[in-house]
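The values are calculated or read from the model by the stated rules, or taken from the named source; none is laboratory data. Since we're looking at a predicted model, the values are computed, not measured. Heads up, the Cβs are rebuilt from the backbone with ideal geometry, glycines too, and the neighbour counts pull from every protein chain shown.
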Amino acid sequence: MTAKKDEYFHAIKLIESKCTGCTKCVRVCPTKALRVRNGVVELDSNRCIDCGKCVIECPFGAIQTIADDISAIENFKYKMAIISTSFAGQFPSHIGYKTAKKALLSLGFDEVAEEAMVTVKMSGIIREYIKNHKEIRPIISSNCPSIVRLIQLRFPSLLPNILHLEAPMSMLSVYFRKKICEEQNLKENEVGIFLIVPCISQVTAVHQPEGTYKSLEDGAISIQGIYSEIITNLMKNDNQNDDNEIDIYPKGLSWAISGMEAEEVNDSNLKTMAVSGVENAINILAKIEDQQIENFDYIVMNSCTKGCVGGILNIEDPFIATSRIRSLIRNAKDKEFNDEYFEDMYHQGKFNVPILEPRSIMALDEDIKIALNKMNRIDEIVKKLPGLDCSACGSPTCKTLAEDIVEGKAELSDCIVLHRKKQHDNFPKEEEK
């Protein structure tokens, strides 16, 4: 399921036969990655950040999600699952988070870890990073792949501000692959590490990692996709309620909820902020870029409203999931992940990542003269258009229609308003004849 050369992988697929050309998806896309042409939706893969808003908006199922099937684990000798913090909020109390986690072993995994193992430790690591990088403010969390890609596309000047450390699940992938290979005497390609994720941006991050390094994981299975497998397994096996065989880390689940990462990084000496929802993130990023916001030390952004519990690959309503996770945290026995091997890898820089490159979404031409000429043509066309941004033409705004026309992807006659005006202007003349 990885991307082919010169193609950019996204964890969505377009079903042309189901598309009515209604343009609902076009209007909600925050990076203007969608168009309707010839009555069906098209995706500009260079603009898409995998936020999933189009999937939610489409009432006809014409835009669907992609994730790995659990059968993919059979390609490996040793199979490991790493579950997102939002996983725990998907199961009611009569099933329980621990029982659901343990059920993954019955589905074929040899070992199950969870993001929550390291989030508490990660808060301390981030505080140390902030104090060691006083020249950069604000530092922006790298935990949400959609936000990282949004910055690459629309706010490239802020790329140095991104926390240059792997996200918790990727840290665990690096750690466990090395540890398992040594303990089990296996080669790296014999160990399959699969993330159990709540959103499509994390599926894309596995199959199309940013930067120059290879993918750290072997697949990403959606919580939606594995939920029914877990429930079916639990119905078949009554012994799953044995709580003595698997550890859980409820204190670390807090990062699934918007605001909690920023809160836990804050040691009363730092100024932190949390933002959820991609439109809100765009607004705050614009203010940071324009220096219209006071100097925060650390800002956490989630493209999904309510945080990872709001991911579209979850099963449960985000409010219910949040309530369950808060209850688990309140009633938790303090469990910490202390591992010298993990600490050594961190201090050796094994979890560091390079500054990412920008992803240009409007490179008009490499030749500056041609590019300027195209810019002038775009401005001229915009003046002719009505400025309603109605999307009836299939482009999200009048400005993007002008850009599409200059790039040869649309025509001025695609504007319904201008077309009707032309018909109206010609109608009296025909009557006089």
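Any idea which of S142, S215 is among the polar types (S, T, N, Q), within 21 Å of S254 (Cβ to Cβ) and not in a helix (DSSP H, G or I)?
Going through S142, S215 in turn, just one is among the polar types (S, T, N, Q), within 21 Å of S254 (Cβ to Cβ) and not in a helix (DSSP H, G or I): S142.
Please go through (1) closer than 27 Å to S258 by Cβ; (2) in a helix (DSSP H, G or I) for A81 and return the number of the only condition it doesn't satisfy.
Every condition holds for A81 apart from (2).
What about Q224, is it at pLDDT 95 or above and surrounded by fewer than 22 Cβ atoms within 10 Å (Cβ to Cβ)?
Yes, satisfied.
Test D379 against the criterion of being in the same structural domain as T400 (by TED's automatic domain parsing) and either within 33 Å of the chain's Cα centre (by Cα) or modelled with pLDDT under 85 (or both), and give yes or no.
no
In this structure, does P30 turn out to be surrounded by fewer than 17 Cβ atoms within 10 Å (Cβ to Cβ), closer than 22 Å to C304 by Cβ and not β-branched (V, I, T)?
Taking the combined requirement at face value, the residue does not satisfy it.
(1) over 20 Å from the mean Cα position of the chain (by Cα); (2) modelled with pLDDT of 90 or more; (3) over 20 Å from Y129 (Cβ atoms): which one isn't true of M362, the others all being true?
Going through the list (1) over 20 Å from the mean Cα position of the chain (by Cα); (2) modelled with pLDDT of 90 or more; (3) over 20 Å from Y129 (Cβ atoms), M362 breaks only (2).
Checking the condition surrounded by fewer than 19 Cβ atoms within 10 Å (Cβ to Cβ) and either outside any loop (DSSP other than H, G, I, E, B) or assigned by TED's automatic domain parsing to the domain that holds I193 (or both), which residue from S93, S86, S45 passes?
Only one candidate qualifies: S93.
Among K236, K287, which is the only one that is surrounded by fewer than 23 Cβ atoms within 10 Å (Cβ to Cβ) and at pLDDT below 95?
Residue meeting the stated conditions: K236.
Which number in (1) outside the structural domain of N314 (by TED's automatic domain parsing); (2) closer than 30 Å to M260 by Cα; (3) of a type in the set (S, T, Y); (4) surrounded by fewer than 19 Cβ atoms within 10 Å (Cβ to Cβ) marks the one condition that T20 misses?
All conditions pass for T20, except number (2).
How about segment 330-376: which of its residues are in contact (Cβ under 8 Å) with a residue 60 or more places away in the chain, of a type outside the set (A, V, I, L, M, F, W, C) and part of a helix (DSSP H, G or I)?
Across segment 330-376, the qualifying residues are Y341, Y346.
Before we move on, is A72 among the hydrophobic types (A, V, I, L, M, F, W, C) and part of a helix (DSSP H, G or I)?
So A72 fits the description; yes.
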